[in-house]
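This report concerns only the one structure given below.
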Amino acid sequence: MTARGVPGAQASARPDRPDYAVADLTLAPAGASRIAWADAQMPVLRRIRDRFERQRPLEGFRVAACLHVTAETANLLRTLQVGGAQTALCSANPFSTQDDVAAALVLEHGVGVRAIRGENLNAYVEHVRALLSGAPQITIDDGADLLVTAHAAGGETVDRLIGGTEETTTGLLRLRRLQHSGELACPVIAVNEARTERALNDRHGTGQSALDGIVRASNVLLAGHTLVVLGYGWAGQGVAERARGAGAAVIVCEIDPLRALEARMAGYEVMPALEAAERGDIFVTVTGSLRVLRGEHFERMKDGALLANAGHFDVEIDLEALRERSTGAVLEVRPLVEQYEISGRRLNLLAHGRVVNLAAAEGHPAAVMDVSFALQALCVEELVRHHAELGPGVHPVPAVIDEEVGRLKLAALGVRIDEPTPEQADYRESWL
């Protein structure tokens, strides 16, 4: 059979395997090796998996995940499975799927994967809907597509949900809009806002992997160039920090005065994006917002400027305006580098404007995703145990989970810290 949207893809609903749609099952051995390599760098998740295998806290629950289909994600799905969950997975981004990992998850671990690198929008939507047709009770989202689609469908699709988790700022914005309008029908745990998640995933993960994607796609030397970071949240801070460490001059653009002040006090130049457009050699959007780089910015950019997006959706760079202003044919000058000519200047778009760290590289290092997916696994367990008490709405990660993941990560790194004395603990409690 052929999975619609990608010629030659393999799809099946064989009784001895879960329903799946992947590119090529013969890639499974390579995927299994990649999963094992990542697993060796994910000691916190392994420890949780060992406990899940003993206790089976997710027994009988159906979990659907819309995440980047990578080796690190595979280890999260393995953890949920040994905990007793029935799992299904689709991709949160068509260009982040590792086809060998998808094949290995189907063949080696019996996960119902529907993800093919490069699948078109219709196939992507079909895969999201296919996961929901499996009647999941818990969703794990990276961008809220599963939950938003479930709420749009209504009826039993949303009624059977006991909760979900969300990995991104963009997804939480969408879910909080549902909550504000009174439409959010289940509890959602905001994994993206956990202290451990912010510190490791956003700052260190995005900081390293976004620049990795830019360098892999363009082979540019960062040293000596001016890099413009649009957005100075946790992820933007990481990009700025790593770029400065690589020898780039860094300019920060912000709309939040406190974030802008933070950037200035950290030693970066801060200015409006229109001013920065004339100065930058490399532009990185990491805001979670719409059309951060627009036509007026393109008109001021230097010949040879690189445009990269590190936000979840491909909406931060105004692609329509880029196409409209292009005066010649769009050239693919390197794999994942499209060149647009505007008023005699060449602007180079990386990875089609999609999240560059996954579309042009391999995403966050496994050691970073170890923390993110440890949080995800424990929050799924929290939903199983306490969804009725939580009620509909966006909820923070419980402090006890956040701190436990931090302690486990420190232990894995061989780091020991002080414990408060009884007197200090009492003093702290008196202020809480």
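The values are calculated or read from the model by the stated rules, or taken from the named source; none is laboratory data. Values in this document were obtained by computation on a predicted structure and should not be read as measured data. Backbone-built Cβ (ideal geometry, glycine too); neighbour counts: all protein chains shown. Side chains are part of the model used for accessible areas, which takes the heavy atoms of the whole protein and leaves out ligands, DNA and RNA. Shrake-Rupley method; radii C 1.70, N 1.55, O 1.52, S 1.80 Å.
Non-local amide H neighbours of residue 65 (under 5 Å, H modeled in plane, Pro and chain starts lacking H): which ones?
Amide H neighbours of residue 65, under 5 Å, 5+ apart: 88, 89, 90, 140.
Would you mind calculating the relative contact order of region 124-248 from Cα pairs under 8 angstrom and at least 6 residues apart, reporting the percent as a whole number?
Result for region 124-248 is 19 percent.
What do you get for Rg/Rh over region 352-432 if you use C-alpha atoms and the Kirkwood form of Rh?
A ratio of 1.10.
Based on DSSP H runs of at least 4 residues, each adding -39500 (n - 2.57), what is the mean residue ellipticity at 222 nm of the chain after dividing by all its residues, to the nearest 500 deg cm²/dmol?
For the chain, the value works out to -13000 deg cm²/dmol.
Quick check: with the 1.4 Å probe, what order do 234, 431 take by accessible area, largest first?
Solvent-accessible surface, decreasing: 431, 234.
Counting pairs of alpha carbon atoms under 8 Å apart in space and at least six apart in sequence, what relative contact order in percent does the chain give?
Relative CO of the chain lands at 16 percent.
Mean-square fluctuation check for the chain, GNM, Cα pairs under 10 Å: which of 306, 261, 147 is largest?
So, out of 306, 261, 147, the one fluctuating most is 261.
Going by accessible area, probe 1.4 Å, with all protein chains left in place, what is the ranking of 313, 52, largest first?
Reading off the accessible areas and sorting them downward yields 313, 52.
Once the dipole of the chain is set up with Lys and Arg at +1 and Asp and Glu at -1 on Cβ about the Cα centre, which of 247, 349, 422 lies farthest towards its positive end?
Value: 349.
Could you identify which residue out of 277, 30, 88 has the top mean-square fluctuation in a GNM of the chain using Cα springs shorter than 10 Å?
Evaluated over the chain, the most mobile residue of the options is 30.
What residue among 35, 417, 401 shows peak mean-square fluctuation when the chain is described by a Gaussian network model with Cα springs under 10 Å?
Of the options given, 417 has the highest mean-square fluctuation.
Would you work out the Kirkwood radius for the chain? I mean one over the mean of 1/r across all pairs of different Cα atoms, in Å.
Over the chain, the inverse of the mean reciprocal pair distance is 22.4 Å.
Once the Cα atoms of region 324-392 are picked out, what are the Rg and Dmax in Å?
Every Cα atom of region 324-392 included, Rg and Dmax give 21.2, 61 Å.
Using heavy-atom solvent-accessible surface (probe 1.4 Å) with all chains present, what is the largest-first order of 62, 56, 195?
195, 56, 62
Taking amide H positions as placed in the peptide plane 1.01 Å from N, state which residues far from residue 288 in sequence (5 or more) or on other chains have amide H under 5 Å from it.
Under 5 Å from the amide H of residue 288 lie the amide H atoms of 312, each far enough along the sequence or on another chain.
From zero outward in steps of 10 Å, how is the percent of C-alpha pairs of region 134-250 spread across the bins?
In order of increasing distance, the bins hold 13, 35, 23, 19, 9, 1 percent.
Please report how far the C-alpha centroid of region 46-98 lies from that of region 140-198, rounded to the nearest whole angstrom.
Measuring centre to centre over Cα atoms gives 18 Å.
Given N residues in region 253-346, what is its alpha carbon radius of gyration divided by 2.2 N^0.38 Å?
Region 253-346 yields a ratio of 1.13.
Sort all Cα-Cα distances of region 185-321 into consecutive 10 angstrom bins from zero, then give the percent of pairs in each bin up to the one containing the longest distance.
13, 45, 33, 8, 2, 0
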